[in-house]
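*Asks:* Encoded as structure tokens, here's the structure I'll be asking about.
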There are 2 protein chains.
Amino acid sequence: MLKRKITLKHIAKELEVSISTVSKALKNSEEISKDTKEKVQAFAKLYNYRPNNIALSLKNKRTKNIGVIIPDIVHHFFTTVFRGIEKYANAHGYNVIACVSDESFDKEVINMELLANGSIDGFIMSLSAGTQEKNDFNHLKEVLEQGIPLVLFDRVTDEVECDKVVLNDAEIAYEAVKSLIDSGKKKVALITTESYFNVSTYRAEGYKKALQDHGLTFDPNLVLTLPYDDVASEPLINEFFETKEMDAVFCVNEIFAVFSMGVAQGLGYQVPEDIAFIGFTNGILSRFSKPALTTVAQHGDRMGEIAAKMLIAKVENENLEEEPTYRTEVIAATLIKRDSTL
Amino acid sequence: MLKRKITLKHIAKELEVSISTVSKALKNSEEISKDTKEKVQAFAKLYNYRPNNIALSLKNKRTKNIGVIIPDIVHHFFTTVFRGIEKYANAHGYNVIACVSDESFDKEVINMELLANGSIDGFIMSLSAGTQEKNDFNHLKEVLEQGIPLVLFDRVTDEVECDKVVLNDAEIAYEAVKSLIDSGKKKVALITTESYFNVSTYRAEGYKKALQDHGLTFDPNLVLTLPYDDVASEPLINEFFETKEMDAVFCVNEIFAVFSMGVAQGLGYQVPEDIAFIGFTNGILSRFSKPALTTVAQHGDRMGEIAAKMLIAKVENENLEEEPTYRTEVIAATLIKRDSTL
DNA sequence: TATCAACACGAAAACGGTTTCGTTGATTTG
DNA sequence: CAAATCAACGAAACCGTTTTCGTGTTGATA
């Protein structure tokens, strides 16, 4: 009962014409007589003929697939970026092959090498923690040397020359901290992650600069550094709030923010009156926390769309082999004011 | 400076042997002399030769890709399932092409048809809201008729015969509501979504049965039906809590639970003493809400892994064209007890 | 009537592999 | 010494398309 996929060959045999004639007839070529074209097209429609994508890919040396490698998929920001990529890609006839590096250098390398052997026309990726820690980007460089376009987003590196999409991390952090200071806060703390995440570094820079520009001195004691996105570090956070004095906290992600807000509340602090909080990433956690969290919207959808747009532009211009020029697009984040700040 | 990918043809020309010889030499065929094999293998390693995936796919009629179509990607449950699929698939040499149907019937159909033309070896999917509402499954049936394996998960339908992975929705809902009753609650409300989501229907059934089995009568007034995952329905929820009397609420997702918990708290109710809450989906929202939400863990990772396992098994046994037999695997959910219940 | 377009179609190469089936030249066998 | 065997390799088909380049038939032209 299996209706196996029909091919040009089947149509040709059935209609007693050649494969070339069928192919041309389906493309409405002028070469073919009206009669034959109608016959072939009718037959093709009847049997629901669709050309085989793999054969087309081989012939055209274009797969219409783009590879996306992200560190984590159960993560609000990355999923929004992914959604943006998928949306734009799909609208332009591309499919998305998704790989999760799981923050591991090795997985990132393996996935890239696998996909680089013809499966995709280009890559969009965000560096894994392992890769940033190791500072080894040879897999990226090799891919580029083979002429495969690559777009990095969010977690990027200066070590490789390619298109990039990043957030204005330092600026938005500056703005966020400034808004805390403007509201009267004097002792603004920072909760951040290990420094090999360059985005955290940029956010910390914005934080420091905002303090200095507004007559406050940077106090290393008011900086708490935690393992990435991990809340097993509860005791550290507890200790931080018990031993330090502060009236505002800027966090590099929403989990840190919401969790530490809870800790502070547990210690009897009023939010935002005693301590105000600002997070990063505008996910459901921020929207539904008590109080609702003031946070930085990263506009992942837009980031994804732009990354996809840049990549597809490169892919489709690959034939005109001019020396490629690379751009870095900066997405402007937005501070979403809610109830965890004054 | 472009190091274009090297092919068998290049190696053959360079070494002045035939393409067949190169191919065999790389596979360590006994047919080829030791000398030639060493020469070829050394050359291939030097130039980092990797066979072209597309060519292999065309030849083998196997792409080693599996297509995953989910309604939404910015969604905790679906991302965990996706992670499970990706993990298992990757470990078994498969890549995952991800498509988001965006809850739309049309997009689901388009994506399926696109991928069904040779791009993938099989599908894993969860039905979009549109498809469930329309009750049209011809795209699934056609794919099956073409001999492409399909595994449905979570949002499934009886209308199509294929492998399925589902949660024991009714049972776990029964258990959840029972636990509320056991703790002394007498008026348990239900907050659910439009009924064309069969999972919501099953959960509602478990809810009703638990009430009846424990001497409580089902009161339709204590059921609030909301649009899917949408919290624009805030006034409805407010009205619900203002006008009805209850001492516990069972919700079909975590957003409804956390949001309505906030509404109840705003009205002066103590959680869980005055009103207890149980949600569905064990996402970050549940973990970080105040109080932390008692909820149903759906074990998406496991669901994804099992779905991938079933699919790959079918794909790899496709050759032995016996009449396929279909299974429905039931994943046992777990009730995670936290602080929103007594 | 010989010439020449125009027309409608087919053969074959190409994309990059795998694999079956020769085809050599050298060695072993009777 | 002729015949059979064997080791080592190449030719060609195949997967499903697209596309270039013939080629045979017609009708018009000189």
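The values are calculated or read from the model by the stated rules, or taken from the named source; none is laboratory data. Note that the structure is predicted; figures quoted are calculated from it, not measured. Using ideal geometry, Cβ is built from the backbone for each residue, glycine included, and neighbour counts are taken over all protein chains shown.
*Asks:* What are the pairs, 6+ residues apart or on separate chains, where a residue within region B:60-82 that is assigned by TED's automatic domain parsing to the domain that holds B:Ser126 has its Cβ under 7 Å from a residue that is among the basic types (Lys, Arg) and more than 16 Å from DNA strand C (Cβ to nearest atom)?
*Replies:* So the pair list comes out as B:Ile73/A:Arg83; B:Val74/A:Arg83.
*Asks:* To continue, here is another question. Taking the residues in region A:34-84 that are away from chain B (no Cβ under 14 Å) and touching a helix residue (DSSP H, G or I) at 6+ places or on another chain (Cβ under 9 Å) as candidates, determine which candidate is surrounded by the fewest Cβ atoms within 10 Å (Cβ to Cβ).
*Replies:* A:Glu38
*Asks:* Tally time: how many residues in region A:265-303 are of a type outside the set (Val, Ile, Thr), at the interface with another protein chain (Cβ under 10 Å from one of its Cβ atoms) and not in a loop (DSSP other than H, G, I, E, B)?
*Replies:* Residues that pass the stated criteria total 7.
*Asks:* Taking B:Lys13 as meeting all but one of (1) within 14 Å of DNA strand D (Cβ to nearest atom); (2) over 30 Å from B:Val151 (Cα atoms); (3) touching a helix residue (DSSP H, G or I) at 6+ places or on another chain (Cβ under 7 Å), write down the number of the exception.
*Replies:* Condition not satisfied by B:Lys13: (3).
*Asks:* Residue check: is A:Lys34 among the charged types (D, E, K, R) and free of Cβ contacts under 8 Å to residues at least 40 places away in the same chain?
*Replies:* Values: among the charged types (D, E, K, R): yes; free of Cβ contacts under 8 Å to residues at least 40 places away in the same chain: yes.
Criteria met by A:Lys34.
*Asks:* If I go through region A:65-121 residue by residue, how many of them are touching a Pro at 6+ places or on another chain (Cβ under 8 Å) and among the small types (Gly, Ala, Ser)?
*Replies:* Residues flagged as touching a Pro at 6+ places or on another chain (Cβ under 8 Å) and among the small types (Gly, Ala, Ser) within region A:65-121 amount to 1.
*Asks:* Also, I was wondering about something else. Give region B:119-153 a look and list any residue that's in a loop (DSSP other than H, G, I, E, B) and over 19 Å from the mean Cα position of the chain (by Cα), or say none.
*Replies:* Answer for region B:119-153, where residues must be in a loop (DSSP other than H, G, I, E, B) and over 19 Å from the mean Cα position of the chain (by Cα): B:Ser119, B:Asn135, B:Asp136, B:Gln146, B:Gly147.
*Asks:* Which residue is nearest to the chain's Cα centre (by Cα), if the candidates are limited to region B:21-57 and must be of a type outside the set (Ser, Thr, Tyr), in a helix (DSSP H, G or I) and within 8 Å of DNA strand C (Cβ to nearest atom)? Working first, answer last.
*Replies:* Residues of region B:21-57 that are of a type outside the set (Ser, Thr, Tyr), as a first pass: B:22, B:24-28, B:30-32, B:34-35, B:37-46, B:48, B:50-56.
Now narrow it down to the ones that are in a helix (DSSP H, G or I): B:22, B:24-26, B:34-35, B:37-46, B:53-56.
Within this subset, residues satisfying the condition of being within 8 Å of DNA strand C (Cβ to nearest atom) are B:22, B:24, B:26, B:54-56.
Numbers: B:Val22: 43, B:Lys24: 41, B:Leu26: 39, B:Ile54: 28, B:Ala55: 31, B:Leu56: 29 Å.
Taking the candidates together, the pick is B:Ile54.
*Asks:* Additional query: Among B:Ser200, B:Ser195, which is the only one that is under 18 Å from the mean Cα position of the chain (by Cα) and at pLDDT below 95?
*Replies:* Working: B:Ser195 fails: under 18 Å from the mean Cα position of the chain (by Cα).
Criteria check complete, one pass: B:Ser200.
*Asks:* Please verify whether region A:199-206 includes one or more residues that are part of a loop (DSSP other than H, G, I, E, B) and farther than 24 Å from A:Gly266 by Cα.
*Replies:* So far as region A:199-206 goes, no, none of its residues is part of a loop (DSSP other than H, G, I, E, B) and farther than 24 Å from A:Gly266 by Cα.
*Asks:* Yes or no: A:Ile70 in contact with a Phe, Trp or Tyr (Cβ under 6 Å, 6 or more places away or on another chain) and of a type in the set (A, V, I, L, M)?
*Replies:* For A:Ile70, the condition - in contact with a Phe, Trp or Tyr (Cβ under 6 Å, 6 or more places away or on another chain) and of a type in the set (A, V, I, L, M) - is met.
A quick yes/no check of all residues on (1) of a type in the set (A, V, I, L, M, F, W, C); (2) at the interface with chain A (Cβ under 8 Å from one of its Cβ atoms); (3) under 16 Å from the mean Cα position of the chain (by Cα):
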| position | (1), (2), (3) |
| --- | --- |
| B:His92 | no, no, no |
| B:Glu113 | no, yes, no |
| B:Asn117 | no, yes, no |
| B:Arg155 | no, no, yes |
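*Asks:* Against the conditions (1) farther than 24 Å from A:Asn317 by Cβ; (2) basic (Lys, Arg); (3) in the same structural domain as A:Pro71 (by TED's automatic domain parsing), where does A:Lys178 fall short? Just the number, please.
*Replies:* It is condition (3) that A:Lys178 fails.
*Asks:* Additional query: Which residues, counting only those in region B:101-117, are touching a Phe, Trp or Tyr at 6+ places or on another chain (Cβ under 9 Å) and either in a helix (DSSP H, G or I) or of a type in the set (Lys, Arg) (or both)?
*Replies:* B:Met112, B:Leu115, B:Ala116
*Asks:* Okay, next question. What's the total number of residues in region A:279-318 that are more than 18 Å from A:His75 (Cα to Cα), within 19 Å of the chain's Cα centre (by Cα) and among the hydrophobic types (A, V, I, L, M, F, W, C)?
*Replies:* 8
*Asks:* Sticking with this one: Of all the residues that make up region A:117-138, how many are among the aliphatic types (A, V, I, L, M) and over 21 Å from A:Gly304 (Cα atoms)?
*Replies:* 0
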